[in-house]
1. For Lys152, list the lysines whose Cα falls under 24 Å from its own Cα; do not include residues on the same chain fewer than 8 positions away.
2. May I ask you to list the lysines whose Cα is less than 16 Å away from that of Lys244, ignoring any residue fewer than eight positions away on the same chain?
3. If r is the Cβ-Cβ distance from Gln100 to Glu141 and R0 is 25 Å, what FRET efficiency results, to the nearest 0.05?
4. May I ask for the net charge around Gln29, where only other residues with Cβ less than 14 Å from the Cβ of Gln29 are counted and Lys, Arg are +1 while Asp, Glu are -1?
5. Label Asp214 and Thr38 with points 7 Å out from Cα along Cα→Cβ: what is the distance between them in nm?
6. Please report, in cubic angstrom per residue, the volume enclosed by the convex hull of the alpha-carbon atoms of the range 50-122.
7. By how many nm would the segment from Ala115 to Leu195 grow when fully extended, if each residue of separation counts as 0.36 nm and the alpha-carbon distance is taken off?
8. Where a Cα-Cα gap under 22 Å defines reach, which lysines qualify for Lys16, not counting those fewer than 8 residues away within the same chain?
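Each reported figure results from applying straightforward, stated rules to the coordinates on display, with no laboratory input. No experiment lies behind these values; they were computed from the predicted model shown. Please note: Cβ atoms are built from the backbone with ideal geometry, for glycine as well, and neighbour counts cover all protein chains shown.
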Amino acid sequence: MNGVPYTVSMEKRMPKTDEEWRRGLAPEQYRVMRERGTEPAFSGQYTYSEDTGVYRCAACGAELFSSEAKFDSGTGWPSFTQPVRSPAYYVYVLRMNNGQLYAGSTRNLTARVGAHRNGEVLTTRKYLPVALIHYEVFDSEKEAREREKILKYHGSAFAKLKARIMNNDEISLAGFTEPMNREHIELKEDLSHGLRRVEVVCKRCGSHLGHVFDDLPRRGKAGGPTERGGKRYCINSCALELEKADGGERA
């Protein structure tokens, strides 16, 4: 399990010099993406775009965000709830409020965690999750299902896993997003301008994209109040290039 953002060393990034970046990017793109600037609010070409497709890094072409995750935040910059998700299947273990552990498998870990928190998974709402303590990633649903069955129906296998993971750092469920969502981006602490923010960087080329904030409302536990903690990825338009899907516009 890994509850910490994965980072990539500069040696694994695109080996371009500053002069090469300057020649390959438009002046505003260079200022924003390589000098960590910000384009003026409500000025970007994608702020109000409803075209469907995949938003790629304007500097290197890496897939970053899907139009399905885009929404109008009213802030003046394109906003997304999460980065593009790579195909993956998960086996997960939750610690419940009665102290027991629950193992399951899913294609969409974010949605599954949300369903657990809202009492939509188990037959009784008495048992709600407290924290995610372990997950495993598989390439196919078949592999994930087989692993889930082993954990659920072979006591020795689950006991062995339990002994290994009980001291893991627990991952908070408020604002939880799938770990694979960070395959193409890197999150870095940003203390510039006297503010404490989280910078969003393209993992492939190291270009500045924008910032992520934990200020979107999320449904709380069943019967409870709405909580803050949903992710809002606030991204500069000039750092993006939309690869339109067939049809181009949302229905």
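1. Lys126, Lys142, Lys160, Lys162
2. Lys70
3. On the way: r = 26 Å, r/R0 = 1.02.
Taking R0 as 25 Å, the efficiency between Gln100 and Glu141 is 0.45.
4. Values: positive: Lys16, Arg22, Arg23, Arg31, Arg34, Arg36, Arg56; negative: Asp18, Glu20, Glu28, Glu35, Glu39, Glu241.
Result for the neighbourhood of Gln29: +1.
5. 2.0
6. Working: hull volume 10.7 nm³, N = 73.
Hull volume normalised by residue count: 147 Å³.
7. Numbers: separation 80, 0.36 × 80 = 28.80 nm, distance 3.44 nm.
Full extension of this stretch gives 25.4 nm more.
8. Output for Lys16: Lys188, Lys203.
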